[in-house]
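Asker: Just dropping this structure here.
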Amino acid sequence: AQSVAQPEDQVNVAEGNPLTVKCTYSVSGNPYLFWYVQYPNRGLQFLLKYITGDNLVKGSYGFEAEFNKSQTSFHLKKPSALVSDSALYFCAVRDGGGDYKLSFGAGTTVTVRA
Amino acid sequence: EAQVTQNPRYLITVTGKKLTVTCSQNMNHEYMSWYRQDPGLGLRQIYYSMNVEVTDKGDVPEGYKVSRKEKRNFPLILESPSPNQTSLYFCASSRTGSTEAFFGQGTRLTVV
């Protein structure tokens, strides 16, 4: 079985400060990891993914994430948050050696205050 | 434009009245799936399809049906909706391999 944990329901930061959204995963095979963002009344938008290679991956809108195999984590980061980054963020995992099922975390609501 | 299109976006219905939510993708993706999103639970997979005429249950399939007669379409059918199926539903598609999934805009369903 595969699963994702996002330990924080909410993250609040001031504009201009660093933003981190935490994610840990469990999967039996090689992890394929993804971050998605959901704005109000919108679908999920892909931010970035880790499949293999460099542990630090860069994605859309200035976001990046670091894959840590020993800690089974894939935290999302942004050096300087914007008010427009306020949204619901989902981490997801797939078993690279299995089927194509994505398992999602419960989501983290990010609020960036001006 | 590459996209996944769901219809309708919003639907209010009564218990027991059969309904279908359509999903269509224009990217020639093999893999398609349906999720429901509920507060505090994230997205949970209902059904998925690896290709035409190949479908299988996800984590929460009870009360739902799907079909995959054409590669581009993957409708979700609720034969007898109940209030506990009130939720936000998403269709997604992806190419087999390592690529990310593309999501539709969502269908907010209310069953009264």
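We did not get these values from a lab; they are worked out from the coordinates using the rules stated. In this text the structure is predicted, and so the values were computed from the model without any measurement. Because the Cβ atoms are built from the backbone with ideal geometry, glycine has one as well, and the counts that use them run over all protein chains shown.
Asker: I'd like to know which of A:T20, A:Q6, A:L33 lies farthest towards the positive end of the charge dipole of the range A:1-109, counting +1 on Cβ of Lys and Arg and -1 on Cβ of Asp and Glu.
Answerer: A:L33
Asker: Considering chain B as a Gaussian network with a 10 Å cut-off on Cα pairs, which listed residue, B:L11, B:L78, B:L41, attains the greatest mean-square fluctuation?
Answerer: Looking only at B:L11, B:L78, B:L41, the biggest GNM fluctuation is shown by B:L41.
Asker: From the alpha carbon gyration tensor of chain A, can you work out the equivalent ellipsoid semi-axes (sqrt of 5 times each eigenvalue) and give them in Å, largest to smallest? Walk me through the numbers on the way to the answer.
Answerer: Values: eigenvalues 112, 41, 29 Å².
That gives 24, 14, 12 Å for the three semi-axes.
Asker: Once you put a point 7 Å from the Cα of A:S26 and another 7 Å from the Cα of B:R44, both along the Cβ direction, what distance in nm separates them?
Answerer: Inter-label distance under the simple model: 1.7 nm.
Asker: So how long is each side of the protein assembly as shown along the principal axes, counting just the alpha-carbon atoms, biggest first, in Å?
Answerer: Ordered largest first, the protein assembly as shown gives principal extents of 50, 39, 34 Å.
Asker: Let me ask something additional. Quick one: order B:Y89, A:Y61 by neighbouring beta-carbon count within 10 Å, fewest to most.
Answerer: So the ranking, lowest neighbour count to highest, is A:Y61, B:Y89.
Asker: What dipole magnitude, in Debye to the nearest 20, does the range B:19-112 give about its Cα centre under +1 on Lys/Arg Cβ and -1 on Asp/Glu Cβ?
Answerer: Working: 10 positive and 9 negative charges, 36 e Å.
Dipole magnitude for the range B:19-112 comes out near 180 debye.
Asker: 5 Å is the cut-off here: which amide hydrogens, built 1.01 Å from N in the peptide plane, fall below it relative to A:G107, excluding neighbours closer than 5 in sequence?
Answerer: Answer set, sorted by chain and number: A:Q6, A:C91.
Asker: What percent does the relative contact order of chain A come to when contacts are Cα pairs within less than 8 Å and at least six residues apart?
Answerer: 38
Asker: Between A:T111 and A:E66, what is 0.36 nm times their sequence separation minus the Cα-Cα distance? Round to one decimal in nm.
Answerer: Working: separation 45, 0.36 × 45 = 16.20 nm, distance 2.15 nm.
The span from A:T111 to A:E66 would gain 14.1 nm if fully extended.
Asker: Nearest 20 debye, what's the magnitude of the dipole of the protein assembly as shown about its Cα centre given +1 on Lys and Arg Cβ and -1 on Asp and Glu Cβ? Write down the numbers at each step before the final one.
Answerer: Numbers: 23 positive and 19 negative charges, 88 e Å.
In debye, rounded to 20, the protein assembly as shown gives about 420.
Asker: While we're on this one: For the range B:1-98, what does the convex hull of the Cα positions come to per residue, in cubic angstrom? Intermediate values should be presented prior to the final figure.
Answerer: Details: hull volume 10.5 nm³, N = 98.
Spelled out: Cα convex hull of the range B:1-98, divided by residues, is 107 Å³.
Asker: Related question: Assign unit charges at the C-beta atoms only (+1 for Lys and Arg, -1 for Asp and Glu), then state the dipole size of the range A:15-114 relative to its Cα centre in Debye, rounded to the nearest 20.
Answerer: On the way: 10 positive and 7 negative charges, 20 e Å.
Roughly 100 debye for the range A:15-114.
Asker: Something else now. Under 8 Å for C-alpha pairs, at least 6 residues apart: give me the relative contact order for the range A:26-69, rounded to a whole percent.
Answerer: Working: 56 pairs, mean separation 12.0, N = 44.
Answer for the range A:26-69 is 27 percent.
Asker: In the protein assembly as shown, if the dipole is taken from +1 on Lys/Arg beta carbons and -1 on Asp/Glu beta carbons about the Cα centre, which of A:V110, B:V21, B:S33 is farthest to the positive end?
Answerer: B:V21
Asker: What GluC sites (Glu not before Pro) in the range B:40-112 are in a loop by DSSP, with at most 13 other Cβ atoms within 10 Å of the Cβ?
Answerer: Working: sites: B:E53, B:E62, B:E70, B:E79, B:E100; in loops: B:E53, B:E62, B:E70, B:E79, B:E100.
Hits after loop and neighbour filter: B:E53, B:E62, B:E70, B:E79.
Asker: Now for a separate question. Can you work out ³J(HN,Hα) from phi for every residue in the range A:91-105, in order, using Karplus 6.51 cos²θ - 1.76 cosθ + 1.60 and θ = phi - 60°, giving whole Hz and x for Gly and Pro?
Answerer: 9, 9, 10, 10, 7, x, x, x, 7, 9, 5, 9, 10, 9, x
Asker: Using a Förster distance of 25 angstrom, determine the FRET efficiency expected from the C-beta separation of A:N55 and B:R95, and round it to 0.05. All intermediate terms of the calculation are to be shown ahead of the outcome.
Answerer: Values: r = 25 Å, r/R0 = 0.98.
Calculated transfer efficiency: 0.50.
Asker: If one computes the Cα centroid of the range B:1-52 and of the range A:36-52, what distance in Å separates the two points?
Answerer: Cα centroid to Cα centroid, the span is 17 Å.
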